[in-house]
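Accompanying notes for the structure given below.
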Protein chains: 2
Amino acid sequence: MTVIFETIRSKKGETMQPLTNAPRPRGRPRGFKIDQALDAAVHVFWQEGYNGASIDRLCRETEMPRASLYQEYGGKEGLFLAAIAHYVETRLGPVAQSLGPVGTLEEDLTAFFEAVVTLATLDSRTPGCLISCVLAEVAGANGTFRQELKTRFAALEDRIAQRLEHDGIGVEPKDQTALAGMLAAIARGIMLRARSGASSADLHPIAEAAVQCAIARGR
Amino acid sequence: MTVIFETIRSKKGETMQPLTNAPRPRGRPRGFKIDQALDAAVHVFWQEGYNGASIDRLCRETEMPRASLYQEYGGKEGLFLAAIAHYVETRLGPVAQSLGPVGTLEEDLTAFFEAVVTLATLDSRTPGCLISCVLAEVAGANGTFRQELKTRFAALEDRIAQRLEHDGIGVEPKDQTALAGMLAAIARGIMLRARSGASSADLHPIAEAAVQCAIARGR
DNA sequence: ATTTTTTAAGAATGATCATTCTGTATATTG
DNA sequence: CAATATACAGAATGATCATTCTTAAAAAAT
């Protein structure tokens with residue numbers, strides 16, 4: 001009986017290889033799916049924090065053998081960074097994507113903050129944001145993580161600034177950057193409030209206020 | 001030789017007792033100062049995070065004997081909560097106090113956000129905010145800490161709402177609450193950006209934008 | 001079939017963790 | 001000077017931590 005393999009060996013789950021003619025690698029095949037494993041790792045870190053997440057628990061939930069974890073990611077730090085990247089691809093990416101531009105600035109910002117609130121409150125076991133609530137803590141004592149946080153933060157601010165620029169907000173670039181930074185700060189503040197147990201209904205008024213402030217600025 | 005004692009036995013360093021006539025307690029006197037110890041504990045937790053701060057290090061930096069730490073605070077969790085309270089009294093309190101009212105709303109909000117930026121960037125070893133960056137992380141897995149976070153967050157929002165009310169901002173209470181929530185979110189977003197290494201100069205434009213948004217709303 | 005290559009399962013390791021315990025020092029009280 | 005009470009210093013404890021190592025399993029290659 002011939003078995004069709006789902007994935008080909010590749011570091012990430014980036015692009016699925018065609019299912020046919022896949023040259024199966026040499027040794028024993030993996031018993032775990034990288035994407036599922038990273039999903040699970042994201043979940044554990046998101047819930048327990050970096051130092052609170054033990055390798056034991058990570059191995060159990062990712063269904064990854066200890067040896068494979070160290071082989072693939074070099075250790076806990078590497079797995080965490082991989083989980084962050086996976087989180088950005090699968091969770092934060094779509095949120096940023098909702099900025100469009102697809103509609104008016106007001107519509108797009110509303111969609112964006114809506115997505116922020118939803119992400120932060122969707123699962124009560126993982127409130128808030130992996131980056132704003134977990135990576136931010138360990139950034140205090142770990143230079144690698146601090147740099148990672150800086151990069152991730154900059155990416156969102158650039159994305160927002162780009163959307164503002166599309167509508168010609170902020171004649172002076174300085175104002176535009178400041179406004180984008182402020183909107184990003186609000187998004188992160190919403191994530192933090194969600195971490196304290198705030199519901200979607202609690203956060204919606206804040207999101208609305210943010211949108212009103214932004215478009216008032218554009219006029 | 002008669003020695004004048006600095007402090008009287010009391011759980012906190014709330015109010016210094018008069019230096020005379022202090023009935024010295026029975027046994028061996030303490031070899032550490034509670035206020036200094038809490039300052040040190042705040043520093044360690046702020047830098048290393050909750051799980052990253054070991055009892056060993058906490059004892060060393062607070063100059064508190066292990067036994068005294070457990071006697072006084074019951075354990076790491078109790079010490080952390082005491083450190084949070086001390087942080088609120090000594091650090092966050094003055095920041096909230098700068099809201100006044102002492103000047104115009106614009107002046108007071110400017111002073112407030114100025115104080116936020118300063119607190120978050122003053123010491124590069126402790127960037128950000130103990131509550132927004134450290135307590136928020138452990139709130140994910142610990143119900144006690146989540147409740148504490150909720151309470152501390154609510155306190156700041158109430159304080160901001162109170163200041164807005166003083167100027168008659170937000171005819172509808174709903175708008176006022178939302179605006180206060182948004183301003184608090186910005187303050188926390190600023191704390192987070194500081195955690196990534198942002199300087200005071202990086203954060204000032206965001207603070208200014210926040211003030212402009214708020215007073216534009218009031219008009 | 002044998003060899004080669006990769007993964008799996010989990011024991012082993014040594015460090016570090018939070019907490020408790022033991023004995024001693026330093027004070028007041030009687 | 002006892003007796004009592006509190007704090008100290010640090011050893012002891014047992015759990016848990018991240019990481020490494022050992023051995024077996026599962027595949028392709030020869």
message = If the requirement is being crowded, with 22+ Cβ neighbours inside 10 Å and either of a type in the set (A, V, I, L, M, F, W, C) or modelled with pLDDT of 95 or more (or both), which of these qualifies: B:LEU149, B:LEU105?
response = B:LEU149
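Against the definition (of a type outside the set (Lys, Arg), part of a helix (DSSP H, G or I), out of contact with any strand residue (DSSP E or B) (no Cβ under 9 Å at 6 or more places or on another chain) and not assigned by TED's automatic domain parsing to the domain that holds A:ASP158), how does A:ALA67 come out, yes or no?
Judged against the criteria, A:ALA67 is a match.
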ask   = For the stretch B:62-102, which residues satisfy the criterion of being surrounded by fewer than 20 Cβ atoms within 10 Å (Cβ to Cβ), within 13 Å of DNA strand D (Cβ to nearest atom) and either of a type in the set (Val, Ile, Thr) or within 14 Å of chain A (Cβ to nearest Cβ) (or both)?
value = B:LYS76
inquiry  = For the stretch A:112-123, check the following and say yes or no: at least one residue is surrounded by fewer than 19 Cβ atoms within 10 Å (Cβ to Cβ) and closer than 27 Å to B:PRO127 by Cβ.
reply    = no
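Of everything in the stretch B:39-58 that's part of a helix (DSSP H, G or I) and near DNA strand C (Cβ under 8 Å from one of its atoms), which residue is nearest to the other protein chains (Cβ to nearest Cβ)?
Filtering the stretch B:39-58 for residues that are part of a helix (DSSP H, G or I) and near DNA strand C (Cβ under 8 Å from one of its atoms), the one nearest to the other protein chains (Cβ to nearest Cβ) comes out as B:ARG57.
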inquiry  = B:ALA141 - would you say it is at the interface with chain A (Cβ under 7 Å from one of its Cβ atoms), at pLDDT 95 or above and more than 19 Å from B:VAL95 (Cβ to Cβ)?
reply    = yes
request  = Go through B:ILE131, B:ILE169, B:ILE84 for me and flag whichever is of a type in the set (A, V, I, L, M, F, W, C) and outside any helix (DSSP H, G or I).
outcome  = B:ILE169
Subset of the stretch B:172-219 (residues that are crowded, with 18+ Cβ neighbours inside 10 Å and assigned to a loop (DSSP other than H, G, I, E, B)) = B:SER196, B:GLY197, B:ALA198
remark   = Subset of the stretch B:110-138, residues within 9 Å of chain A (Cβ to nearest Cβ) and of a type in the set (Ser, Thr, Tyr), comes to B:THR126, B:SER132
inquiry  = Looking at A:GLU157 and the list (1) touching a residue at least 40 places away in the same chain (Cβ under 8 Å); (2) away from DNA strand C (no atom under 16 Å from the Cβ); (3) within 13 Å of chain B (Cβ to nearest Cβ); (4) more than 26 Å from A:ALA201 (Cβ to Cβ), which single condition is not satisfied?
reply    = (1)
query = Quick check: anything in the stretch B:47-58 within 12 Å of DNA strand D (Cβ to nearest atom) and at pLDDT below 85?
reply = no
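The values are calculated or read from the model by the stated rules, or taken from the named source; none is laboratory data. The shown structure was predicted, so the numbers you read here are calculated from the model rather than taken from an experiment. With ideal geometry, Cβ positions are generated from the backbone for all residues, glycine too; neighbour counts draw on all protein chains shown.
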